[in-house]
Amino acid sequence: MSHIPIWPGSSSFFPGDTPFGFYDNDQSFQTDSEMVATWCASRLGYPLVDIELQAINFFAAFEEATNEYGTQLYNFQIINNFGNVEGTTTGSNFNNQLITPNLGGVVNLSEQYGNETDGSGGDYKLESGSLMVSRNQQRYDLLTHIGSSVSGSEAIYIKRLYHNSPAAINRYFDPYAGTGTGIQSLMQTFGFGNYSPGVNFMLMPLSFDIQKLQAIELNDTIRKSGYHFELTNNRYLKLFPIPTSAYMLHYEYVVQSVANAPIKNPSTGLITDASNVPYTNPVYAYINEPGRQWIRKYALALIKEMLGSVRGKYTTIPVPGAETTLDHVRLITEAKEEKTKLIEEIQTLLGETTRLKQLERKNQESQQSMEIFYKVPYPIYVL
């Protein structure tokens with residue numbers, strides 16, 4: 001092994017000494033690189049034993065350890081905040097930024113439910129059309145009225161038909177409608193008979209009137225509408241009851257391919273998955289001391305792995321009068337165990353900082369505080 005370079009005992013870092021150069025211009029990284037190299041060599045037994053590595057090996061391990069620290073940290077941030085950043089622009093750098101919880105993901109989900117409930121939002125455009133209803137004609141071919149905008153094989157959803165139904169206000173004060181205000185007896189008490197808007201407006205706020213009208217209209221739509229329709233073979237509209245006069249019927253519909261499209265608003269430059277959440281390599285100068293200590297330990301494990309690989313090329317080496325066995329197996333085994341342990345430690349630490357864990361901790365603190373307050377005696381005042 002005489003031809004293998006041996007660690008000289010010291011090193012000087014220069015930009016370009018790491019494989020990727022992510023942190024070469026960071027003064028803190030440059031300074032720590034030299035100290036970490038010396039520390040790792042000492043932990044491996046230098047100067048009592050030779051270390052078959054060079055400075056670039058120590059610097060490469062230090063860079064990889066810093067990258068691994070950032071990977072663990074930002075993967076956790078992605079998991080913890082993905083619902084708050086999905087759909088936002090990728091143009092921002094999230095490093096060292098406070099991500100505020102929001103309802104973006106909930107809004108996106110609610111839009112899909114809004115698509116299926118008329119008048120409650122949604123994110124696709126309803127198409128509209130109309131046809132002239134003839135007296136005693138119950139069946140109509142919608143494709144002849146919709147035109148070429150929809151192919152014959154494409155399904156459509158009829159969302160709403162507009163009939164000339166009686167205005168809700170006509171039944172607002174109707175004592176026999178069952179959907180009126182329910183204060184007929186009150187109006188009779190005041191001597192106003194069956195119709196008294198003055199008393200109603202005086203006793204009830206305007207919001208009550210608006211909500212009542214909405215309730216009547218919704219009741220007509222869902223429960224007791226006098227009109228109904230069927231759509232068969234995706235084109236034939238059948239009206240109930242049979243029209244007794246000619247009138248213009250307006251309707252709204254949506255094409256099935258539009259309603260079920262997985263991509264509603266095609267766009268580029270948006271966060272769609274974990275691969276394009278805009279996190280970059282961490283700024284080493286901003287990493288606190290506990291984080292740097294984790295990086296040092298992980299770098300030492302990588303150095304052990306490197307040294308074990310180098311020594312593994314030579315099972316034994318001759319010494320005067322005998323042979324000695326190298327410890328490459330022990331080094332590689334220790335390296336794997338230490339890396340696994342360090343990853344578990346940082347993942348456990350990050351797991352305790354999730355919003356859910358913080359809320360649970362706050363709740364426990366609140367309960368414990370209340371237990372203490374319950375045991376505090378009330379002050380006694382003596383006059």
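The values are calculated or read from the model by the stated rules, or taken from the named source; none is laboratory data. Computed from a predicted model, the values in this text were never measured in an experiment. Please note: Cβ atoms are built from the backbone with ideal geometry, for glycine as well, and neighbour counts cover all protein chains shown.
Just one of the listed residues (P5, P19, P101) is more than 30 Å from H328 (Cα to Cα) and not aromatic (F, W, Y), namely P101. With respect to (1) in a loop (DSSP other than H, G, I, E, B); (2) crowded, with 17+ Cβ neighbours inside 10 Å; (3) over 37 Å from the mean Cα position of the chain (by Cα), the lone exception for F58 is condition (1). Within the range 1-30, the set of residues being without any contact (Cβ under 8 Å) to a residue 60 or more places away in the chain and either within 18 Å of P282 (Cα to Cα) or among the charged types (D, E, K, R) (or both) comprises P15, D17, T18, P19, F20, G21, D24, N25, Q30.
The single condition among (1) touching a residue at least 40 places away in the same chain (Cβ under 8 Å); (2) closer than 24 Å to I346 by Cα; (3) part of a helix (DSSP H, G or I) that G83 does not meet is (1). Counting only residues that are outside any loop (DSSP other than H, G, I, E, B), surrounded by fewer than 17 Cβ atoms within 10 Å (Cβ to Cβ) and touching a helix residue (DSSP H, G or I) at 6+ places or on another chain (Cβ under 6 Å), the range 1-42 holds 1 of them. Determine whether Y69 is free of Cβ contacts under 8 Å to residues at least 40 places away in the same chain, aromatic (F, W, Y) and either assigned to a helix (DSSP H, G or I) or farther than 30 Å from S267 by Cβ (or both). When the stated conditions are applied, Y69 does not pass them. For the range 114-129, the set of residues classified as more than 11 Å from K159 (Cβ to Cβ) and modelled with pLDDT under 70 consists of G114, S120, G121, D123, listed by residue number.
Does Y314 meet the test of being at pLDDT below 90, surrounded by fewer than 15 Cβ atoms within 10 Å (Cβ to Cβ), among the aromatic types (F, W, Y) and over 29 Å from T38 (Cβ atoms)? Considered against the rule, which asks whether it is at pLDDT below 90, surrounded by fewer than 15 Cβ atoms within 10 Å (Cβ to Cβ), among the aromatic types (F, W, Y) and over 29 Å from T38 (Cβ atoms), Y314 comes out as no. Confirm whether T354 is closer than 26 Å to N84 by Cα and either touching a Phe, Trp or Tyr at 6+ places or on another chain (Cβ under 8 Å) or in contact (Cβ under 8 Å) with a residue 12 or more places away in the chain (or both). The answer is yes for T354. Annotation note: of T340, T348, the sole residue that is at pLDDT 95 or above and exposed (fewer than 10 other Cβ atoms within 10 Å of the Cβ) is T348. Sub-9 Å Cβ pairs linking a first residue in the range 319-340 that is on the phi < 0 side of the Ramachandran plot to a second residue that is modelled with pLDDT of 90 or more and of a type in the set (S, T, N, Q), at least 6 apart or interchain, are H328/S309; L331/S309; I332/S309, ordered by first then second residue.
Taking the conditions exactly as written (on the phi > 0 side of the Ramachandran plot and over 39 Å from the mean Cα position of the chain (by Cα)), does G21 satisfy them or not? Here the answer is no, as G21 does not meet what is asked. Specify the residue that is nearest to the chain's Cα centre (by Cα); the eligible residues are those in the range 331-383 that are among the β-branched types (V, I, T) and closer than 30 Å to E289 by Cα. Among residues in the range 331-383 that are among the β-branched types (V, I, T) and closer than 30 Å to E289 by Cα, the one nearest to the chain's Cα centre (by Cα) is T354.
Quick check: is even one residue across the range 89-110 crowded, with 17+ Cβ neighbours inside 10 Å, at pLDDT 85 or above and in contact with a helix residue (DSSP H, G or I) (Cβ under 9 Å, 6 or more places away or on another chain)? Yes, because at least one residue in the range 89-110 is crowded, with 17+ Cβ neighbours inside 10 Å, at pLDDT 85 or above and in contact with a helix residue (DSSP H, G or I) (Cβ under 9 Å, 6 or more places away or on another chain).
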